[in-house]
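The values are calculated or read from the model by the stated rules, or taken from the named source; none is laboratory data. The shown structure was predicted, so the numbers you read here are calculated from the model rather than taken from an experiment. For neighbour counting, all protein chains shown are included, and Cβ atoms are generated from backbone atoms with ideal geometry for every residue, glycine included.
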2 protein chains.
Amino acid sequence: MNNQKNNELPIHIGIDLMGGENKPDEILRSIINFKNNYSENINFVFFATNDLSSKFTDIEKENNISLDVVYTEHSISMDENPLLAIRRKKKSTIFEGLRYLKDNKIDAFISCGNTGALTTGANVILNKLKSISRPALLALIPTKKNLTAILDVGANISFDADNLVQYAMLGAAFQKSLNINKPKVGILNIGTEQQKGTSHHQNAYSQLTKFDDFFNFVGNVEGKEVFEGNADVIVTDGFTGNVFLKTSEGLASFVLDKIYQNIAKEEKREEIFNILQNLKKRLYFGEYPGAILVGLDKIVIKCHGYSSIKGIISAIIETHEFVKNNIILSIKSYLQ
Amino acid sequence: MNNQKNNELPIHIGIDLMGGENKPDEILRSIINFKNNYSENINFVFFATNDLSSKFTDIEKENNISLDVVYTEHSISMDENPLLAIRRKKKSTIFEGLRYLKDNKIDAFISCGNTGALTTGANVILNKLKSISRPALLALIPTKKNLTAILDVGANISFDADNLVQYAMLGAAFQKSLNINKPKVGILNIGTEQQKGTSHHQNAYSQLTKFDDFFNFVGNVEGKEVFEGNADVIVTDGFTGNVFLKTSEGLASFVLDKIYQNIAKEEKREEIFNILQNLKKRLYFGEYPGAILVGLDKIVIKCHGYSSIKGIISAIIETHEFVKNNIILSIKSYLQ
């Protein structure tokens, strides 16, 4: 799969085919199809378990192509303990992909697998950016204004004030890299007053008021305000952030289903259906490009375990943009 | 305001007029109007600060009625520290209302004021139910099936496994009181597997598997699954629960606004607008009857600080139902 498409050097993207809810060979076929129709120059390196090799050889023959596949002994399932996995399954798709990334054999790595194993593995195998003790998962969510970056959406369960402050720096550096000059940063909290939340939230609040040259700290933001889009970056602990993201997704789907049901009774429904379909696509986070694990010197992308194949393809397109724009170098420059 | 409407004895509901975003005299006028048009027999006892007495006397004259108002020295603002408030502002509307409740001068107390002051005050002034160490705020949310009870939505910030287990018992007892025979109870978590979340979540999970005669434990529930309605009770810590509730509210409003905007361009929009209006009402938690502080031997209702007056009226109707059906006695009976 190394056909040169334009004059630019190809970008190498590693894809973990294991661990998500889609069948590895189906993802593979969709990516081959995507690559054939995509104007940009991407080389894929796939990571899969040994038992798939004969199936993949068939796919190579069918398509008359040669695939770049790294076969491993293990894969890590969604419900495995990440700390046990990293000890017992060194030769698994996730860890092998991360090692390829470390060794510059790929420019980015995308996985739909076990979040804990991916973040634990990245912590151990890759280098963290200066002054960052823990990487965080950053997701971009639609709002009434621009896309807002929310982090951490699930890399770390425990947290303290320093983590929240680091998330603020990472989120702001990320948004600056996307050309938001002075991002507005808020803390996800249960009220807007300074003393709301746990002592970690209160402590982070007072630390963040001192960052005014780097970003614009807008204080605490309640869940109901996030979608107003008045903050470019929302920081939160990984547990709350994950609940936030999945709740948003569930509710968007609930509301849209209700509307479908009601509108089906009406006439002139086709146009309305199209409008809702577009809206659903924008709001359905399953189709979203996934979350980026920020705080590392490499690009690691986590898709939902239940991402559709379309979701994985949009993650590839987004990842390609990150590599082309050298987002890591850019984030690094803002963290100096 | 003591006109007898039917043969039943009047129910006494205490209303804190301070602390929310509506003007006290406007809430008062709306409640007078509501009472005049309501078939059931409710006597209201209002709690307000001294400075409002002349304004309220004018309202009495205007309407040719006599109001039952308890005037206090203080009110507690939204951003006050609850622990300081309980020491310094003993004579405030919230604490005076809770004392009226304790002394059986009212059957229920409704406040839109400072959540921390209300829960701290209730903890100190009222009696807790057997084997409950901390009351929790319970909200009812719409789903694809029945209303689901979610608790805690903001009474307590810190938590441990025992709290989550107690919330499960309270939530199940509450739903049994509403005639759900064997409620399905789940833990709000970041994945469905048993080992997900903090050690408190994991510990609560193993404790809850042992309650099978009282309720049906369905394990961990992710944010995106809550609105499927497969659990009648969802337990969570007060921080996450509060973020969950406010996020749902914000997103529902965001989605509906988007749809309004899009559909305005279409023809035949009037019918669609009506459908959306109804849906919005159902989903907009600001109009919702508020949350009940469960775990106490009295009925305490917390409305959002930003509840509309319509929201306060629906809280009154719901509270009236709770009193008529003697929900506390019923919850107590299930906790024996």
Per the filter on segment B:108-136, residues assigned to a strand (DSSP E or B) and polar (S, T, N, Q) are B:111
If a residue must be touching a helix residue (DSSP H, G or I) at 6+ places or on another chain (Cβ under 6 Å) and hydrophobic (A, V, I, L, M, F, W, C), how many such residues does segment A:14-26 contain?
2
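Quick check on residue B:111: is it surrounded by 15 or more Cβ atoms within 10 Å (Cβ to Cβ), away from chain A (no Cβ under 14 Å) and within 19 Å of the chain's Cα centre (by Cα)? Steps first, answer last, please.
Working: surrounded by 15 or more Cβ atoms within 10 Å (Cβ to Cβ): yes; away from chain A (no Cβ under 14 Å): yes; within 19 Å of the chain's Cα centre (by Cα): yes.
Answer is yes for this residue.
Does residue B:155 count as touching a Gly at 6+ places or on another chain (Cβ under 6 Å) and modelled with pLDDT of 90 or more? Explain how you work it out, then say what you get.
Values: touching a Gly at 6+ places or on another chain (Cβ under 6 Å): yes; modelled with pLDDT of 90 or more: yes.
Here the answer is yes, as residue B:155 does meet what is asked.
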Expected output for segment A:43-57 (first residue within 23 Å of residue A:316 (Cβ to Cβ) and in the same structural domain as residue A:324 (by TED's automatic domain parsing), partner crowded, with 18+ Cβ neighbours inside 10 Å and acidic (Asp, Glu), Cβ below 9 Å, 6+ apart or cross-chain) is A:46/A:16; A:47/A:16; A:47/A:96; A:48/A:16
Give the residues of segment A:185-215 that are closer than 22 Å to residue A:145 by Cα, more than 14 Å from every other protein chain (Cβ to nearest Cβ) and crowded, with 22+ Cβ neighbours inside 10 Å, sorted by residue number.
A:185, A:215
So, first residue on the phi > 0 side of the Ramachandran plot in segment A:197-219, second residue assigned to a strand (DSSP E or B) and not acidic (Asp, Glu), Cβ within less than 8 Å, six or more apart or across chains; the pairs are A:197/A:187; A:197/A:220; A:219/A:186; A:219/A:187
Could you check, for segment A:188-197, whether at least one of its residues is farther than 20 Å from residue B:242 by Cα and at pLDDT 95 or above?
no
Which residue out of B:144, B:102 is assigned by TED's automatic domain parsing to the domain that holds residue B:232 and in contact (Cβ under 8 Å) with a residue 60 or more places away in the chain?
B:144
Looking at segment B:218-238 only, could you name the residues that are at the interface with chain A (Cβ under 7 Å from one of its Cβ atoms), within 19 Å of residue B:205 (Cβ to Cβ), buried (at least 24 other Cβ atoms within 10 Å of the Cβ) and not aliphatic (A, V, I, L, M)?
B:223
Quick one: in segment A:301-315, of everything that is under 19 Å from residue A:40 (Cβ atoms) and crowded, with 23+ Cβ neighbours inside 10 Å, which residue is nearest to the chain's Cα centre (by Cα)?
A:301
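Just to check your reading of the model, which residue among B:182, B:144 is touching a strand residue (DSSP E or B) at 6+ places or on another chain (Cβ under 7 Å), surrounded by fewer than 24 Cβ atoms within 10 Å (Cβ to Cβ) and either away from chain A (no Cβ under 11 Å) or not β-branched (Val, Ile, Thr) (or both)?
Details: B:144 fails: touching a strand residue (DSSP E or B) at 6+ places or on another chain (Cβ under 7 Å).
Checking each option against the conditions leaves just B:182.
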Could you tell me whether any residue of segment B:252-263 is in contact (Cβ under 8 Å) with a residue 60 or more places away in the chain and either in the same structural domain as residue B:138 (by TED's automatic domain parsing) or among the small types (Gly, Ala, Ser) (or both)?
no
Hits in segment A:277-302 (condition: modelled with pLDDT of 90 or more and more than 12 Å from residue A:245 (Cβ to Cβ))
A:292, A:293, A:294, A:295, A:296, A:297, A:298, A:299, A:300, A:301
Yes or no: residue A:139 part of a strand (DSSP E or B) and at negative phi?
yes
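Residue by residue through segment A:147-170, note down the ones that are among the charged types (D, E, K, R) and away from every other protein chain (no Cβ under 13 Å).
Let us first name the residues in segment A:147-170 that are among the charged types (D, E, K, R), namely A:152, A:160, A:162.
Answer for segment A:147-170, where residues must be among the charged types (D, E, K, R) and away from every other protein chain (no Cβ under 13 Å): A:160, A:162.
Would you say residue B:197 is part of a loop (DSSP other than H, G, I, E, B) and farther than 28 Å from residue A:80 by Cα? Spell out the reasoning first.
Numbers: part of a loop (DSSP other than H, G, I, E, B): yes; farther than 28 Å from residue A:80 by Cα: no.
Judged against the criteria, residue B:197 is not a match.
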